[in-house]
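The values are calculated or read from the model by the stated rules, or taken from the named source; none is laboratory data. For clarity, every value in this text was computed on a predicted model and none was experimentally measured. As a convention, Cβ positions derive from the backbone with ideal geometry for all residues, glycine included, and neighbour counts pool all protein chains shown.
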Ligand SMILES: Cc1cc2nc3c(=O)[nH]c(=O)nc-3n(C[C@H](O)[C@H](O)[C@H](O)COP(=O)(O)O)c2cc1C
């Protein structure tokens with residue numbers, strides 16, 4: 001028999017709970033090394049938007065589903081929710097400068113000026129040269145604190161040969177490279 005689990009909120013939680021301070025949480029998360037991705041979307045107004053993200057995860061392979069945590073203050077947030085499309089582009093070493101552009105508000109208007117971009121099924125911008133690109137239709141979104149956790153059904157995939165580049169990583173507030181052990 002199939003079982004369904006649907007948990008909304010924690011009935012045992014109290015505002016008096018002695019939860020760790022934000023700074024301590026951030027300090028702990030420094031030690032989680034992550035790949036970096038560009039999350040992009042095509043707005044209903046035809047404008048491309050995107051940002052750098054490490055909060056990206058596979059959810060399930062069948063049906064292929066991923067999630068991204070997007071701050072609701074990010075400029076792409078409303079375009080993503082309204083347009084219901086996004087692409088997650090995994091970055092390599094060659095994309096270091098690009099990653100800085102997509103995480104700096106000063107560079108917001110020039111994010112798509114350089115590099116080669118294309119589209120697949122959903123219309124979201126796909127970076128040519130990304131290690132992998134997962135083109136998604138937004139399935140659902142859940143608000144958690146400052147962020148929306150956005151779930152996407154993967155509609156189309158592009159995968160570069162592993163020889164093309166190595167993944168760009170982020171760890172301890174700096175970019176780095178993967179070293180096999
Ligand atoms: C390494 C790194 C990882 C980031 N990961 C995320 C993330 O997972 N989710 C998010 O909402 N913002 C993330 N950010 C912040 C956004 O990239 C940044 O705020 C960006 O400028 C937002 O776009 P906007 O300037 O158009 O609002 C990250 C920034 C850096 C440097």
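Some points to look at:
- Residue list for region 66-83, filter: surrounded by fewer than 18 Cβ atoms within 10 Å (Cβ to Cβ) and touching a residue at least 40 places away in the same chain (Cβ under 8 Å): 71, 72, 73, 81
- Among the conditions (1) within 11 Å of the ligand (Cβ to nearest atom); (2) closer than 12 Å to residue 152 by Cβ, the only one that residue 122 does not satisfy is (1).
- Taking region 87-111 as the range and being in contact (Cβ under 8 Å) with a residue 40 or more places away in the chain, surrounded by 18 or more Cβ atoms within 10 Å (Cβ to Cβ) and either part of a loop (DSSP other than H, G, I, E, B) or in contact with a helix residue (DSSP H, G or I) (Cβ under 8 Å, 6 or more places away or on another chain) (or both) as the test, the residues that pass are 91, 102, 111.
- On inspection, residue 102 fails the criterion of being away from the ligand (no atom under 12 Å from the Cβ) and in contact with a strand residue (DSSP E or B) (Cβ under 9 Å, 6 or more places away or on another chain).
- Counting only strands (runs of 3 or more DSSP E) wholly contained in region 20-72, the ones carrying 2 or more residues that are touching a helix residue (DSSP H, G or I) at 6+ places or on another chain (Cβ under 6 Å), modelled with pLDDT of 95 or more and within 12 Å of the ligand (Cβ to nearest atom) occupy 48-53.
- None of 165, 135 is surrounded by 16 or more Cβ atoms within 10 Å (Cβ to Cβ), at negative phi and at pLDDT below 95 except 165.
- Residue count, region 82-93 (criterion: within 13 Å of the ligand (Cβ to nearest atom) and over 23 Å from residue 173 (Cβ atoms)): 1
- Among residues that are touching a strand residue (DSSP E or B) at 6+ places or on another chain (Cβ under 8 Å) and closer than 23 Å to residue 164 by Cβ, residue 92 is included.
- Residue 114 meets all of the listed conditions (1) at pLDDT 95 or above; (2) away from the ligand (no atom under 14 Å from the Cβ); (3) out of contact with any strand residue (DSSP E or B) (no Cβ under 6 Å at 6 or more places or on another chain) but one, namely (1).
- Residue 20 meets the conditions (1) within 15 Å of the chain's Cα centre (by Cα); (2) surrounded by fewer than 18 Cβ atoms within 10 Å (Cβ to Cβ); (3) more than 22 Å from residue 96 (Cβ to Cβ) in every case but one. The failed one is (1).
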